[in-house]
Amino acid sequence: MSRLEGKVAIVTGAGRGIGRATAQKLASEGAVVVVNDVDSEPAHETVDLIKAAGGTATASLANTVDFAAAKEMVEATVKEHGKLDIVVNNAGITRDKTFHNLDDELFDFVLDVNLKTAFHTTLAAMPYMREVAKKELQEKGEVSYHRKLTFTSSVAALTGNPGQYNYTAAKGAIIATTKTLARELGAFRINVNAVAPGFVDTRLTQAKESGDGDFGIPDAMRGLAISMIAVGRAGKPEDIANVHAFLVSPDSDFISGVTIPVTGGQFGGMG
Ligand SMILES: NC(=O)c1ccc[n+]([C@@H]2O[C@H](COP(=O)([O-])OP(=O)(O)OC[C@H]3O[C@@H](n4cnc5c(N)ncnc54)[C@H](O)[C@@H]3O)[C@@H](O)[C@H]2O)c1
């Protein structure tokens, strides 16, 4: 199936986990993919995996917490690949602490990576998505095709999650972003939607005991989280990638402003 033939996409946080699986899925459906990650080695690995499977991808190491970097990434994408049709705002990180132990540094870092990257990347994309669509509307009376923005929120923003105030504040803002941009950009046939994953096996949810310190959750919490999933297993990055792919494809042209929980039927909030 080639639902995305001829489309150009940027996927942020695509060096690992959900972002990597999404970049691979979009490329497998025909999109040219710009793989954005602040970590060079995993970003290039994703590009190599896509190329090895016969797809087309390039890497961008932009840290879009900085708007100038986001602008540069988007401009380089359009220069190299001719246009921009799809942005998957997926970069994210956790730094869990109970609320009373939070400080500005932990708050700002998590808000920056989960929310500001999405704000900056989407803002930088506007001249190539909104303005191009507006020109089509003015010159031809209609927009040629739907362009797509998606975001990775989290089910934790819907349920709340102890120890994740900074993260849930950012992911809740992503849901609000989705609703507002859907209303602003709908006239230009830009669909804006989000995926809210539940517990997915990635670096973010690895057992803290075997992790690299900054990432992961206690092993006992992992067991508890998985026991609350109706389908009886943790999510895989591909489970989330499939939904991003649907939301950026023509199959979802009449869906906008929604956040789809992809949790395997999970009760309670994790991730
Ligand atoms: N794993 C889960 O259970 C889960 C649940 C809900 C939501 N999410 C969300 O899914 C998204 C992907 O997370 P994951 O679980 O695949 O984690 P991950 O750590 O495996 O991947 C995240 C990637 O984002 C990159 N990144 C960090 N800061 C960045 C920046 N400023 N710019 C670009 N890339 C950056 C990291 O280097 C990493 O490669 C995140 O937004 C996360 O919050 C994950």
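Miscellaneous remarks
- Each Lys and Arg Cβ is given +1 and each Asp and Glu Cβ -1; about its Cα centre, the chain then shows a dipole of about 780 debye.
- Counted charge near P261, where neighbours are those whose Cβ lies closer than 14 Å (Asp, Glu -1; Lys, Arg +1): 0
- Placing unit charges on each Cβ (+1 for Lys and Arg, -1 for Asp and Glu) gives the chain a dipole about its Cα centre, and among I86, G257, A43 the Cα reaching farthest toward its positive end belongs to G257.
- Within the range 114-188, the GluC sites (Glu not before Pro) that combine a DSSP coil assignment with at most 13 other C-beta atoms in a 10 angstrom radius are E142.
- Mean residue ellipticity, 222 nm, helices only, the chain: the sum of -39500 (n - 2.57) across DSSP H runs of n ≥ 4, divided by residue count and rounded to 500, is -14000 deg cm²/dmol.
- Taking 18 Å as the cut-off, the amide N atoms of the range 230-259 that come nearer than this to a point 7 Å along the Cα-to-beta-carbon line of A207 belong to 233-235.
- Set of lysines near K236 by C-alpha distance (under 16 Å), chain-local residues within fewer than 8 positions excluded: K25
- Estimated inter-spin distance, D108 and S2, nm [label 7 Å along Cα→Cβ]: 4.8
- The range 1-82 shape via C-alpha gyration tensor axes, a/c threshold 1.5: oblate
- Calculated FRET value between D219 and F254, using beta carbons and R₀ = 30 Å, to 0.05: 0.10
- Oblate is the label for the range 42-150, because a/c, from the alpha-carbon gyration tensor with a ≥ b ≥ c as root eigenvalues, is 1.5 or above and a/b does not exceed b/c.
- Distance between the 7 Å Cα→Cβ label points at A53 and H100: 4.7 nm.
- Trypsin sites (Lys or Arg not before Pro) restricted to the range 203-240 and DSSP loop, no more than 16 other C-beta within 10 Å: R233
- Under the shape rule built on the C-alpha gyration tensor, where the axes satisfy a ≥ b ≥ c, the chain is prolate, since a/c reaches at least 1.5 and a/b is greater than b/c.
All of the numbers you see were taken from the coordinates with simple rules; none came from a lab. This structure is a prediction, so every number in the text was calculated from the model and none was measured. Positions of Cβ are generated from backbone atoms using ideal geometry, with glycine treated the same way; all protein chains shown enter the neighbour counts.
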